[in-house]
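Everything below concerns the one structure shown next.
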Amino acid sequence: MFDRLLIANRGEIAVRVIRTAKRLGIRTVAVFSDADAAARHVEEADEAVRIGPPPVARSYLDMDAVLAAASACGADAVHPGYGFLSENAEFARRVQAAGMTWVGPDPDHIARMGDKIEARNLMASHGVPVSRGTPRPPGDAAAAQAEAARIGYPLMVKAASGGGGIGMTIIRDAADLGPAFQAARTRAERMFGSPDVLLEQYIEPARHIEVQILGLGDGRVLTLGERDCSIQRRFQKVIEETPAPGISAELRRRMLDVSRRAGEALGYRGAGTLEYLVDPRTEEFVFLEMNTRLQVEHPVTELVTGMDLVEAQLLVAAREDAGLTEPSRRDHAIELRIYAEDPVRMFPSPGRIEQWKEPAGEHIRVDTGYRTGDEVTPHYDPLLAKLCTAAATREAAIESARRAVDDFTVTGIKTNLPLLRRVLDSEAFRSGTFDTKTLETARPR
């Protein structure tokens, strides 16, 4: 196992990785921008290294600065968390070239899954269901129109190199495709460094369900269950839970089986997640994307399996994973993402946290990087915390989550706690009949 681990991230996920590493006896190194000099992850790490000013391009996305910090502190491994450089194949290769262990999958898998078009083509070749879509990026608006006529409307235009729901647009009519296609290319170039976009059939109503896998060094791929991520705003997740409600045992079996076979065909090592769109009327599912990293929503899987996924990542990276087996699942778990944002317009709400009081109790878990007095800056994602609850039944988990939301106090900034209350109280959510559009109906107007 490693002696010194650098966490190339910030906030709650950095704190999360630090705590598992310390439990395993690994010395931890945090990195920080000037905006995070007094942050919680900096305080909890054994040591910390400044990597630049607040803008992400000059700090957390600056590969040279992060690698220099790792070298200076003598780190023998790097954990990227999620976001930032976690799915950057070049960064993973550079970590390895510097003689350090990359706590993640093979860089080639990162690269192949990071290109959405190559990913869907590769998955299709391994028997994973995919929706109608473009096998290669359309070169111009005319080519996009021809592809759209073949695929049919409604369809989705999305960046080939994007992730996390960023850069997606729904098109319902041919007249809207031309301007949307050009806008998507411009946005993709600006955000991801490549103008390539793809067109894909848009399924509605749809459930967004993903499968957590863990590839081991001996060729085995463990499936750790599915998570429902359908409660979203702007294609980004807000509430996740496991097991997914309202799906049949047969659909669950098929999704887990397909995901395992895909991981084995790739020779995948480490934590990864295959994401799918499910038509709730037919229970047919199609591949959406694969995330080659730890997911934000990994705590719900941990709560129902008892497995520490960060520990599993470290064991796989250190090639000490021979004892890992597929755990049994128990209970039901729900995760609520608490954002520093206006609960109506969903715009970020930076500022100083005047009061921070977390709920407490059995089977309540709060992952966060914030405390009373901390500054929420406009430089980074507005995620404040992940509030997770687990119980023997879904109904009990919802009630526990509802009480925990009421007991969570954050003042000085706006949060989405009122919106989370509305969703938890809604009939659609409680009945398990929600889809990716449900949050729109639960939003206060």
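The numbers here are math on the coordinates, done by the rules we state, and not lab data. This structure is a prediction, so every number in the text was calculated from the model and none was measured.
Please compute the Cα-Cα pair-distance distribution of segment 4-103 with 10 Å bins starting at 0, giving whole percents from short to long.
So the P(r) values, bin by bin, are 18, 57, 25, 0.
Explain nothing, just compute: Karplus ³J(HN,Hα) = 6.51 cos²θ - 1.76 cosθ + 1.60, θ = phi - 60°, for every residue of segment 261-269 in order, whole Hz, x for Gly and Pro.
Result, ordered by residue: 4, 5, x, 5, 5, 6, x, 6, 10 Hz.
Please find, in a Gaussian network model of the chain (springs between Cα atoms separated by less than 10 Å), the residue of Ala119, Ala390, Ala174 whose mean-square fluctuation is greatest.
Highest fluctuation of the listed residues: Ala174.
Using 0.36 nm times the number of residues separating Thr441 and Arg58, minus their current alpha carbon distance, what extension gain do you get?
So the extension gain works out to 134.0 nm.
What's the extension gain from Arg253 to Ser328 if we count 0.36 nm per residue and subtract their Cα-Cα distance? Please report the intermediate quantities before stating the final value.
Details: separation 75, 0.36 × 75 = 27.00 nm, distance 1.46 nm.
The span from Arg253 to Ser328 would gain 25.5 nm if fully extended.
When the chain is fully extended, how far beyond the present Cα-Cα distance does Ile166 get from Ser431, taking 0.36 nm per residue of separation?
Gain in length upon complete extension: 92.5 nm.
With viscosity set to 0.692 mPa s and temperature to 37 °C, compute the Stokes-Einstein D of the chain, Rh being the Kirkwood radius across alpha carbon pairs; µm²/s, no decimals. List each step's numbers first, then the result.
Working: Rh = 22.4 Å.
Estimated diffusion coefficient is 147 µm²/s.
Please turn the phi angles of segment 148-154 into ³J(HN,Hα) values with the Karplus equation 6.51 cos²θ - 1.76 cosθ + 1.60 (θ = phi - 60°), one per residue in order, whole Hz, x for glycine and proline.
Once rounded to whole Hz, the list reads 5, 5, 6, 6, x, 9, x.
State the volume of the convex hull built on the alpha-carbon positions of segment 63-148, expressed per residue in Å³ and rounded to an integer.
Given the Cα convex hull of segment 63-148, per-residue volume reads 126 Å³.
Long-range amide H contacts for Leu199: which residues qualify at under 5 Å (H placed 1.01 Å from N, peptide plane, sequence gap of 5 or more or a different chain)?
The list, which skips near neighbours in sequence, is Thr134.
Please report, largest first and rounded to whole Å, the three semi-axes of the ellipsoid equivalent to segment 207-442, where each semi-axis is the square root of five times an eigenvalue of the C-alpha gyration tensor. Don't jump to the answer; show the numbers that get you there.
Working: eigenvalues 178, 89, 54 Å².
Largest first, segment 207-442 gives 30, 21, 16 Å.
Which of Arg365, Arg19, Arg345 moves most in a GNM of the chain, Cα contacts under 10 Å?
Checking each option, the largest mean-square fluctuation is seen for Arg345.
Considering amide H positions built from the backbone, and no H for Pro or chain starts, which residues 5 or more places from Ile231, or on another chain, come under 5 Å of its amide H?
Hits under the 5 Å cutoff: Val238, Ile239.
List every residue whose amide H lies under 5 Å from the amide H of Ser161, counting only residues 5 or more places away in sequence or on a different chain, with H placed 1.01 Å from N in the peptide plane.
Lys116
Distance between the C-alpha centers of segment 239-314 and segment 14-45? Whole Å please.
28
With θ taken as phi - 60° and the coefficients 6.51, -1.76 and 1.60, list the Karplus ³J(HN,Hα) couplings across segment 336-352 in order, rounded to whole Hz; mark glycine and proline as x.
10, 8, 9, 10, 7, 7, 4, x, 9, 8, 6, 8, x, 10, x, x, 8
If the limit is 22 Å between Cα atoms, which of Lys22/Lys357; Lys386/Lys414; Lys158/Lys237; Lys237/Lys414; Lys237/Lys437 go over it?
Numbers: Lys22/Lys357 25 Å; Lys386/Lys414 16 Å; Lys158/Lys237 17 Å; Lys237/Lys414 19 Å; Lys237/Lys437 12 Å.
Lys22/Lys357, as the Cα separations exceed 22 Å there.
Ignoring everything except DSSP H segments at least 4 long, calculate the 222 nm mean residue ellipticity for the chain; use -39,500 (n - 2.57) per segment, divide by total residues, nearest 500.
-10000 deg cm²/dmol
So if I restrict to the alpha-carbon atoms in segment 132-201, what is the Rg, and what is Dmax, the biggest pairwise distance, in Å?
10.6, 29
Which three semi-axes in whole Å describe the equivalent ellipsoid of segment 290-407, each the square root of 5 times a Cα gyration tensor eigenvalue, listed largest first? Please list the in-between numbers first.
On the way: eigenvalues 164, 81, 30 Å².
For segment 290-407, the ellipsoid semi-axes come out as 29, 20, 12 Å.
Take the alpha-carbon centre of segment 66-138, take the same for segment 176-228, and report the distance between them in whole Å.
Distance between centres, Cα-based: 14 Å.
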